[in-house]
Amino acid sequence: MQILVNGRETITVPDEMFSESKEARKHNTSYLNEFQKTGDTYKVNSDFKFRLVCYEALRKLVEGKYLTHLDLFGGMGITAKMFSAGCIHVAVNDIDPGCLEVLRANNFDEVHSFDVTKPFLREKVYDMVLADFNDFTIKKYNQGVYKSTMQEIFKIARKFVIVNDCSIFHLKYGKASFERYSKEFGANIETYQDFFEQERIMFKKDFPDWSLNYVAYFGSSAFLLFEKGEPEKSLHSMRVHNSQSNIIQLI
């Protein structure tokens, strides 16, 4: 199978790498699991399309402002290819054997396989680092899960960081969920914007050189765009309503 990304970049994936069975997403679930195979037909679910639309919205905001890029959870290279326009160097990382095989076969400048829970790539920095976590949430972050990973990310990023944050998945359950997050942050949260504003305050305390200025989100996940050295702007959040897009085409 071939995947055409934004009408300009192609990723080739051997058909035998896809399974007709699908597992629930966990922290270590392979990116290959995003593709549903039925016989010779492949498709992706609506949440996956929503994610790509959110990434594309953020990509347009930073287009032309970075030259080097690290995709920390490279998967099959889709987001790396999305953000590669205008780049002179694109690096990817993954630990899944199948994803590594795909990444190595598709001509990225660097392909790594390191554990993101340990110190990594101290000698290198990139204009932008993208971290497409499977299960990052504020609750886990405050419990210490992924905190060291986030510290590493902000050390090796020069201009931009983008993080997939699944925290808002729980807000769909209504008032009780907003109340739980109000206790988590120690502030009143009644809307999604309230939630993002509290995230902004929290991350500013932990990473004072960075500002959370943009969020693209849908019902299950939010995508946070941090800028280094930029003055804080009014936090702009964009809700994605339409999952139909031509960001990727399965050939």
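Each value in this text was obtained by applying a stated rule to the coordinates, not by laboratory testing. Values in this document were obtained by computation on a predicted structure and should not be read as measured data. Don't worry about glycine lacking a Cβ; one is built from the backbone with ideal geometry, like all the others, and counts go over all protein chains shown.
Okay, here's what the table says:
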{"read-out": "Residues T38, T10 arranged by fewest to most Cβ contacts within 10 Å", "value": "T38, T10"}
{"read-out": "Ascending count of other beta-carbon atoms within 10 Å, so fewest first, for H241, H89", "value": "H241, H89"}
{"read-out": "Extension reserve of the S113-T38 stretch, reckoned as 0.36 nm per residue once the Cα distance is removed", "value": "24.0 nm"}
{"read-out": "Computed E for R158/N134 - FRET, C-beta separation, R0 22 angstrom, nearest 0.05", "value": "0.30"}
{"read-out": "Sequence of D94, D132 once ranked by neighbouring C-beta atoms within 10 Å, starting from the fewest", "value": "D132, D94"}
{"read-out": "Part-to-part distance (alpha-carbon centres) for segment 166-199 and segment 63-93, which is given in Å", "value": "31 Å"}
{"read-out": "With eigenvalues of the C-alpha gyration tensor scaled by 5 and rooted, segment 18-132, Å", "value": "24, 18, 13"}
{"read-out": "Added length on full extension, which subtracts the Cα-Cα distance from 0.36 nm per residue, S46 to A187", "value": "47.5 nm"}
{"read-out": "Sequence-distant residues sharing a close amide H with H112 (under 5 Å, placed H)", "value": "V92, N93, D94"}
{"read-out": "Inter-probe distance in nm under a simple model that places probes 7 Å from Cα toward Cβ, at N142 and R104", "value": "4.2 nm"}
{"read-out": "Length added when fully stretched, E179-M1, from 0.36 nm per residue minus Cα-Cα", "value": "59.5 nm"}
{"read-out": "Cβ-derived FRET efficiency at R0 22 Å, K228 paired with K205, nearest 0.05", "value": "0.90"}
{"read-out": "Residues whose placed amide H lies under 5 Å from that of A216, excluding near-sequence neighbours", "value": "F223, L225, M238"}
{"read-out": "³J(HN,Hα) computed for each position of segment 218-226 - Karplus, 6.51 cos²θ - 1.76 cosθ + 1.60, integer Hz, glycine/proline x", "value": "9, x, 9, 7, 10, 10, 9, 10, 9"}
{"read-out": "Hz values of 3J(HN,Hα) by residue in segment 78-85 - Karplus curve (6.51, -1.76, 1.60), Gly and Pro given as x", "value": "5, 5, 4, 5, 4, 8, 7, 4"}
{"read-out": "DSSP-defined antiparallel bridges as percent of all bridges, the chain, nearest 5", "value": "55 percent"}
{"read-out": "Three-way shape call for segment 127-170 based on the alpha-carbon gyration tensor, with the a/c threshold at 1.5", "value": "oblate"}
{"read-out": "Two-decimal Rg/Rh across segment 45-250, once Rg and the Kirkwood Rh are taken from alpha-carbon atoms", "value": "0.95"}
